Every structure is written in structure tokens, then in C-alpha cells.
Amino acid sequence: MSLVVPLRGSTARLVIVLLLLTSGCDDRPAGLLPPAWGGPTHDVFVVGHGWHAGIVLGRAELAAGSWPALPEIPAGDWLEVGWGDRAFYVHPDPGMGIALRAVLWPTPSVLHLAGFSGPVAEYFPASRITRLSLSPAGFEALLQYLSASFARDPDGAPRALGPGLYGQSQFYASTERYHLFRTCNVWTARALREAGIPITPLLTITTDALFNRLADHGQVVRSAAAELP
């Protein structure tokens, strides 16, 4: 005989919240990770800049996939893709007011694309870095997710918003909204889950949470932010 205990009031609400937070653990596309033994792989890097994380892709690998045609794609061997609140990301000196507005209610967002050459760890000498190996199908799914994040003009072209923060970089408008439960780290985790990484985005609100979970699925290149001399 089974015993069923009815849930009421705050207990029921707590159960619903917990179910929402833990949902999505197993809804990633099947068969993408790990890559086939001895088969082709695509390496991507996740780079942590304090509170913010970005995904680094090999630029030479973009042409054959679903990467959108950009009017001014930054030059270099690598392309870092970041995402975040538009007002905070593009502001040269964002204050506490902009930061609070970004997390308290949904706000417009942007994509930040930065091109560079040379080893990833050398270009970002003070950043946390984890390398992930994706299957060809997983890499293609990642490109499709990133491509879908671009807001587009009526003719289908991604909407450029101006120069980025460092190096050869550019801001682009995004279709998504930023808020407390859709931070840049959650967005990064969602992209990686599409690629087959078994990760729960809602449990990666901070960079610490994101990198702690990625450590089980890739190679940790640098485990903590380094202090520059």
C-alpha cells in the first residue's frame, strides 16, 4: 500500500520551485557526448572573466556550420562569443544602478564577439579556462544555438551595434532577455547543453557554479583567475 501525502501552501510551492530548478538535467540532445572514440572532435574553450563567461571557437571551423553571415566578423584565429545585459555590457563604466536593473527584471541583451590569435590561455592570462571536446553534431548544435541568439533586420542580417570591449570586437543585438535566472553564465550553460554537455543551466547562475560543473566534462586549463604581475 502506498502512502500519499498531500502538499499544500508553502510546501507545495517549494516543491514546484525545486522541480523547476532541477528540470532540464536530461533534456539535452541524445548521442552528442562523448564524441565517438577515434572520431573527429571540435575543441571549444569556456573562459571566465570574473562574473562573466564566454565561449571561444576556432574561426576556421565556423564556415562549414550554421554560423550566421556577419557584416563585420572580427579577424583572428579564434572567436570569443559572450552574451549579457545590453545596458551593462556596452557601458564603459556601469554603476550599481545598471547592475540592479539587469537582475531585477528582464532587460534587452547583446552578443559580444571578439577575434584574436595565438593560444587562448595566453590571450586571456588572468581568466579561468576549461576546454571541451564536442562531436561534429554537438558543435553544429552549438552553432545553431548561437546563431538563433542574434536579432536580425527584416532582410535577415544580424544587427551590429558598434565596437566591442577589447581587441577586434563587435556588439550585436540579441533576441533574448537578461534577468536573474538568465545570466551570462546560464546562457553559456544553455549553449553547451545544446552541444551535448550534461549540465543544468539554472544551477549555473554564477561563474563558480558553471566552472565547477564543467570540470567533470572537460580539461581544466586554468582553475582560477590568475593575478597579473
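Restricting to region 40-61, count the residues that are touching a strand residue (DSSP E or B) at 6+ places or on another chain (Cβ under 7 Å) and part of a helix (DSSP H, G or I). Going through region 40-61 one residue at a time, the tally reaches 2.
Here's the yes/no breakdown for (1) surrounded by fewer than 16 Cβ atoms within 10 Å (Cβ to Cβ); (2) closer than 28 Å to residue 69 by Cα; (3) not hydrophobic (A, V, I, L, M, F, W, C):
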{"site": "157", "(1), (2), (3)": "yes, yes, no"}
{"site": "190", "(1), (2), (3)": "no, yes, yes"}
{"site": "203", "(1), (2), (3)": "no, no, no"}
{"site": "220", "(1), (2), (3)": "yes, no, no"}
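Residues that are surrounded by fewer than 23 Cβ atoms within 10 Å (Cβ to Cβ) and in contact with a strand residue (DSSP E or B) (Cβ under 9 Å, 6 or more places away or on another chain) were ranked within region 175-188; the one that is farthest from residue 51 (Cα to Cα) is 175.
Filtering 172, 178 for residues that are at negative phi, touching a His at 6+ places or on another chain (Cβ under 9 Å) and not in a loop (DSSP other than H, G, I, E, B) leaves a single hit, 172. For residue 196, the conditions (1) in a strand (DSSP E or B); (2) at pLDDT 90 or above; (3) surrounded by 23 or more Cβ atoms within 10 Å (Cβ to Cβ) are fulfilled apart from (1). Of the residues making up region 129-158, those that are assigned to a strand (DSSP E or B) and closer than 22 Å to residue 41 by Cβ are 129, 130, 131, 132, 133, 134.
The values are calculated or read from the model by the stated rules, or taken from the named source; none is laboratory data. Just so it is clear, the model here is predicted, and its values are computed rather than measured. Note that we place each Cβ from the backbone using ideal geometry, even for glycine, and neighbour counts take in every protein chain shown.
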